[in-house]
There are 2 protein chains.
Amino acid sequence: MNNFKVVSAKLAAELDKELMGPKVGYTLQQLMELAGLSVAQAVQHSFPPTATNSNKHILVLAGPGNNGGDGLVCARHLKLFGYNPVVYYPKRNGRVEFYSQLVHQLEFVHVPLLDDSDWLTYLQPDRTLCIVDALFGFSFKPPLREPFTTIMAEVARVQQNLPVVSVDVPSGWDVDQGPPLEETPASPVLNPKVLVSLTVPKPCSSLLKPNTIHYIGGRFVPRDFANKYGFEPFDYQGGDQVLRLQ
Amino acid sequence: MNNFKVVSAKLAAELDKELMGPKVGYTLQQLMELAGLSVAQAVQHSFPPTATNSNKHILVLAGPGNNGGDGLVCARHLKLFGYNPVVYYPKRNGRVEFYSQLVHQLEFVHVPLLDDSDWLTYLQPDRTLCIVDALFGFSFKPPLREPFTTIMAEVARVQQNLPVVSVDVPSGWDVDQGPPLEETPASPVLNPKVLVSLTVPKPCSSLLKPNTIHYIGGRFVPRDFANKYGFEPFDYQGGDQVLRLQ
């Protein structure tokens, strides 16, 4: 059980909207940069480079929305940290120019973008250190659609041996209710080894399996704003962008 | 003397332009966020919070251009780190909406914006921990103009007792040639205690006084890009956004 406050899907959407509203004035680009950086730092803390893992890859799965954008930023920072990320981004956001720019930035730092068959070859523990699940975040509403049902089923199949790091919400989970009650071909169940909650944990985080490593990232709100949404600021250390909660 | 490569004002301008060009695709908002964060982390490393300094302020002086923008971002992060920054931003950039948003973000985290007389009251070592000089960066061309000549003269007057942290280039210095040859009322000479070079040090950094603490920040370019501009990537540790060079 958590001993910290959580914020529902509805409230998280309001919070996000207020952060990018005219009064606060954050831009999506700023928030995504900080969120992606904090996820990369959580990966770095969870899987520090060693002699045996330094040649392995990190498979970043980027979904069609903002959670996917966080994943694209995360992959860039991981590369700059010295890791070997590869990105599978099957449904690109064509409406927002910034998403194309995030892809250019990945090409700039030489992060490979995988095609629909290539990515499957990375689902092996001897080749890949971990999987970053940046498919869906706090605005996810079931049902899952293809190609994501298949992608998540593939990840669920290997997750016992290849740890999953979920960004904000384990993909496919109901933000407030937690994992699907029943695992079916149409609703594979991810059980991440690491969760990086952004700004504040969502209710489903209380249903993580024991021993899940839980980080908070996205260090951008002051105390009064946190309190207004019913939570307390987290005790980040120094200039860190990420804090381990459990 | 430095044992690392530097990049001239002209080349730094080309590098910056290429980073934000269509091929690389970084946006100003992203680069400024990362640059400002790395400056805040350098301040945090240089002046860690203690029992005696925790009530003091950090005076951030923001100039009219991008160096000033880095300062505004830095101030926000310092506040979120638990410091008490105050910002003096005398000539606001009215052409670019994003600069107004950076100001809104400061108001959001409760960083005071000082007026033309208030800021002078912070030039006291018992009140202020350090001054962040984000007035002018690598695109500065003399001569200095008011109100910056007066502002810098005030800072120069107290810098022996109130350490200055310069962002990228000590303000008023020629990026390639170093400090003004002669100190006059029209050209006060800043001698920072800390310099945070962004992306790569500029030639003037070789003329810093001995014992100046020198950091590199702005961790966003890969090896081949660095090499193309004549320098080697820096050996940042883990997920750090800043590295002490000397």
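Structural remarks
- Answer residue from segment A:1-37, given it is over 24 Å from B:Leu106 (Cβ atoms) and of a type in the set (S, T, N, Q) and is surrounded by the most Cβ atoms within 10 Å (Cβ to Cβ) among those: A:Ser8
- B:Val109 falls short on exactly one of the conditions (1) closer than 20 Å to B:Val194 by Cα; (2) facing chain A (nearest Cβ under 9 Å); (3) not acidic (Asp, Glu), and that condition is (1).
- Lone qualifier among B:Val73, B:Val86 - being within 14 Å of chain A (Cβ to nearest Cβ), surrounded by 20 or more Cβ atoms within 10 Å (Cβ to Cβ) and of a type in the set (A, V, I, L, M, F, W, C): B:Val73
- Any hit, segment A:15-37, residues being free of Cβ contacts under 8 Å to residues at least 40 places away in the same chain and of a type in the set (Lys, Arg): yes
The rows are residues; the columns are (1) of a type outside the set (Asp, Glu); (2) in contact with a strand residue (DSSP E or B) (Cβ under 7 Å, 6 or more places away or on another chain); (3) surrounded by fewer than 23 Cβ atoms within 10 Å (Cβ to Cβ).
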position: B:Thr150; (1), (2), (3): yes, no, yes
position: B:Ala153; (1), (2), (3): yes, no, yes
position: B:Pro179; (1), (2), (3): yes, no, yes
position: B:Lys193; (1), (2), (3): yes, yes, yes
position: B:Ser197; (1), (2), (3): yes, yes, no
position: B:Tyr236; (1), (2), (3): yes, yes, yes
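- Listing of strands (runs of 3 or more DSSP E) fully contained in segment B:154-246 that carry 3 or more residues being within 30 Å of A:Ala75 (Cβ to Cβ): B:194-198, B:213-217, B:242-244
- Whether a residue is among the basic types (Lys, Arg), within 11 Å of chain B (Cβ to nearest Cβ) and in contact with a strand residue (DSSP E or B) (Cβ under 9 Å, 6 or more places away or on another chain) was assessed, and A:Arg244 does not pass this test.
- Residue under evaluation B:Thr50, criteria (1) out of contact with any Asp or Glu (no Cβ under 7 Å at 6 or more places or on another chain); (2) within 11 Å of chain A (Cβ to nearest Cβ); (3) under 19 Å from B:Leu129 (Cβ atoms), criterion not met: (2)
- Filtered residue count, segment B:53-70, keeping only those that are at pLDDT 95 or above and more than 14 Å from chain A (Cβ to nearest Cβ): 12
- Search result, residues across segment A:17-41 that are within 8 Å of another protein chain (Cβ to nearest Cβ), in contact with a Phe, Trp or Tyr (Cβ under 7 Å, 6 or more places away or on another chain) and assigned to a helix (DSSP H, G or I): A:Gln29, A:Leu34, A:Ala40
- Within segment A:215-233, tally of residues that are buried (at least 18 other Cβ atoms within 10 Å of the Cβ) and either without any contact (Cβ under 8 Å) to a residue 40 or more places away in the chain or at the interface with another protein chain (Cβ under 10 Å from one of its Cβ atoms) (or both): 6
- Segment A:115-139 - residue that is in contact (Cβ under 8 Å) with a residue 60 or more places away in the chain and over 22 Å from A:Ser54 (Cα atoms) and, of those, surrounded by the most Cβ atoms within 10 Å (Cβ to Cβ): A:Ala134
The values are calculated or read from the model by the stated rules, or taken from the named source; none is laboratory data. This one's a predicted model, so the numbers in the text were calculated from it and none came from an experiment. Here the Cβ is made from the backbone with ideal geometry for all residues, glycine too, and neighbour counts use every protein chain on show.
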